[in-house]
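Undergrad: Have a look at this one.
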Amino acid sequence: MYQRALQGYEKAVGLENVARYQPALMTIWNLGNLFATQEHLDKAKEMLHESVYWLSGPSWPSSDQCQRLESSIASLDPTQGK
């Protein structure tokens, strides 16, 4: 469903504008979390890194969201805490 939602956002706002459209970014974030729960860690990291990249840019200066994303990414790393 998340992938279908992203396709809809791309069609509605255009591929070049998806990264500036908050619902699309939240969908990417949620897709990353879904991949993490399914233990597809490489895909999860890819989605979460994409989210943090766009949310940390000048269009989205929300440090709270970036910190939560970075925590999510760190939790996927099996070497954390060792």
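Undergrad: Would you mind putting 35-45, 18-28 in packing order, based on average other-beta-carbon counts within 10 Å, highest first?
TA: The densest-packed peptide leads the list: 18-28, 35-45.
Undergrad: Further, regarding this structure: In a shell of Cβ-Cβ distance under 14 Å around Q3, excluding Q3 itself, what net charge do Lys and Arg (+1) and Asp and Glu (-1) give?
TA: Charge balance in the 14 Å sphere: 0.
Undergrad: Here's something else I'd like to know. Report the calculated FRET efficiency for S71 and L6 (r = Cβ-Cβ distance, R0 = 30 Å), to the nearest 0.05.
TA: 0.85
Read-outs throughout are calculated quantities, based only on the coordinates presented, and are distinct from any laboratory measurement. The shown structure was predicted, so the numbers you read here are calculated from the model rather than taken from an experiment. Cβ coordinates were reconstructed from backbone atoms using ideal geometry, including for glycine residues, and neighbour counts include every protein chain displayed.
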